[in-house]
Amino acid sequence: MDPNRLKGKNILITGAARGMGAANAESFAAQGANICLGDLDREEAQKVADRINNADNGQAITVKMDVSKREDNAAAVAATVEAFGSINVGLFNAGLNKPKFFMDIDEDNWDMIMNVNTKAMWLGMQEVARQMIDQGPMDGHPYKLINVGSIASRKPLIDVTVYCTSKYGCLALTHCGALGLAEHNITVNGYAPGVVVTPLWEQLDKDLVNMGFKERAGQAYDDIVENFLQIKRVSYPEDVTGTASFLASNDSDYMTGQMIHVDGGWCIQ
Ligand SMILES: NC(=O)c1ccc[n+]([C@@H]2O[C@H](COP(=O)([O-])OP(=O)(O)OC[C@H]3O[C@@H](n4cnc5c(N)ncnc54)[C@H](O)[C@@H]3O)[C@@H](O)[C@H]2O)c1
């Protein structure tokens with residue numbers, strides 16, 4: 001790992017207290033970036049920030065934020081700028097899921113998932129881009145917005161209809177954001193994981209058993225690996241950090257409007 005690859009990049013990551021957000025925060029900081037970790041759970045986020053600050057490279061701060069609130073996104077951007085002087089990259093990672101049989105979907109389920117996965121991404125993109133536009137051109141490299149999609153951005157999956165809708169929305173925000181922000185020297189790309197062992201997936205696994213869709217814990221993992229993945233294992237947060245780092249780095253300067261699948265080949269099945 002090049003400890004200077006992300007030197008000079010100040011990066012806001014939402015949903016950074018655990019899972020892939022935390023893994024990316026630690027990976028980016030180890031490559032020299034300064035990180036603002038935004039999460040509902042600031043206590044857990046602070047533990048990640050402490051690990052970063054105790055290591056010998058990029059620095060970290062935390063903010064308590066609900067990504068679905070515009071004022072929290074604006075405050076997270078302001079905190080990043082106050083701590084590090086500017087913002088170069090926004091990684092919109094916070095997300096959640098709650099499976100339902102199609103006919104059981106209600107407004108609460110719809111609003112909860114759409115607000116955090118899609119509406120919040122739009123709000124975060126806008127608030128970060130507003131600051132980038134105010135900063136003007138900085139170092140000859142574009143500013144970068146990175147959206148976290150999913151295999152569910154591309155494939156219809158049974159019993160996670162609202163999650164799929166929300167993640168198809170993340171793909172649309174990536175495409176439309178790239179069109180709308182190009183004139184401001186801001187690129188918009190994303191990455192789309194498949195099955196990643198994190199608290200989100202562990203909860204999903206339990207929910208699928210509780211609703212009677214799967215018979216036993218871990219069955220969802222096994223079924224997906226056997227039937228859909230070309231690389232015959234589930235993934236871990238560390239499996240996405242290389243792609244996320246590439247998207248945050250100058251190596252991706254000539255890309256915009258792309259969603260890279262990091263899903264063990266699920267998307268081609
Ligand atoms: N785990 C998977 O298999 C998988 C697969 C594809 C895509 N994804 C996507 O990757 C992203 C990260 O997922 P993960 O598996 O690491 O999840 P996770 O549950 O481990 O972590 C999500 C983080 O987001 C935070 N969060 C949730 N709601 C929030 C809100 N309203 N405001 C601020 N923070 C909030 C949580 O506190 C948590 O720290 C999500 O967008 C998810 O949809 C996950």
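No value in this document is a laboratory result; all are computed from the given coordinates. Since the model is a prediction, treat every value here as computed from it, not as a measurement. As a convention, Cβ positions derive from the backbone with ideal geometry for all residues, glycine included, and neighbour counts pool all protein chains shown.
For the chain, the longest principal axis of the C-alpha atoms and the axis of helix 199-210 are separated by about 20°.
Treating the angle as unsigned and between 0 and 90°, give the value, to the nearest 10°, between the Cα long axis of helix 238-248 and the longest Cα principal axis of the chain. In the chain, helix 238-248 runs at an angle near 40 degrees to the longest axis. Scanning residues 5 or more positions from residue 59 or on other chains, those with amide H under 5 Å from its amide H are 34, 35, with H placed 1.01 Å from N in the peptide plane. Students often forget the sequence filter, so: which lysines lie under 20 Å Cα-Cα from residue 155 once same-chain residues fewer than 8 apart are removed? Within the straight-line limit of under 20 Å, residue 155 reaches these lysines: 98, 100, 167, 214, 232. If only the Cβ of Lys and Arg carry +1 and only the Cβ of Asp and Glu carry -1, the dipole of the stretch 92-244 around its Cα centre is close to 300 debye. A convex hull fitted around the alpha carbon atoms of the stretch 1-105 yields 106 Å³ per residue. Rounded to the nearest 20, the size of the Cβ-charge dipole of the stretch 130-205 about its Cα centre is 180 debye, with Lys and Arg at +1 and Asp and Glu at -1. Relative contact order for the stretch 195-234: 35 percent, from Cα pairs under 8 Å spaced at least 6 residues apart, divided by residue count. For the chain, the longest principal axis of the C-alpha atoms and the axis of helix 42-54 are separated by about 50°. Placing pseudo-labels 7 Å out from each Cα toward the beta carbon at residue 51 and residue 200 gives an inter-label distance of 1.8 nm. Among 178, 45, 211, whose Cα sits farthest toward the positive end of the charge dipole of the chain (+1 at Cβ of Lys/Arg, -1 at Cβ of Asp/Glu, about the Cα centre)? Projecting each Cα onto the dipole axis, the largest value belongs to 178.
The length gained on full extension between residue 258 and residue 75, counted as 0.36 nm times the residue separation minus their Cα-Cα distance, comes to 63.1 nm. Pairs of C-alpha atoms in the stretch 1-52 farther apart than 17 Å represent 25 percent of all such pairs.
Taking other Cβ atoms within 10 Å as a rough exposure proxy, 121, 112, 132 sort from fewest to most as 112, 132, 121.
Have a look at 23, 60, 75 and tell me which one the Gaussian network model of the chain (Cα, springs below 10 Å) gives the largest fluctuation. It is 75.
Modelled spin labels at residue 134 and residue 238, positioned 7 Å past Cα toward Cβ, are 3.9 nm from each other. With no solvent and one equal point scatterer per Cα, compute the Debye intensity ratio I(q)/I(0) for the stretch 195-234 at 0.21 Å⁻¹ and report its log10, rounded to two decimals. Here log10 of I(q) over I(0) equals -0.61.
Shown here: the chain, whose C-alpha atoms stretch 53, 35, 35 Å along the first, second and third principal axes, sorted largest to smallest.
Note on the chain: dipole from Cβ charges, positive end direction compared against 92, 65, 254; the farthest Cα belongs to 254. Spatially, the stretch 85-116 and the stretch 30-45 are offset by 20 Å when compared through their Cα centroids. Taking Cα centre as origin and charging only the Cβ of basic (Lys, Arg, +1) and acidic (Asp, Glu, -1) residues, the dipole magnitude of the stretch 161-269 rounds to 180 debye. Each of residue 223 and residue 104 was given a label point 7 Å from its Cα along the Cα-to-Cβ line. The distance between the two points is 1.4 nm.
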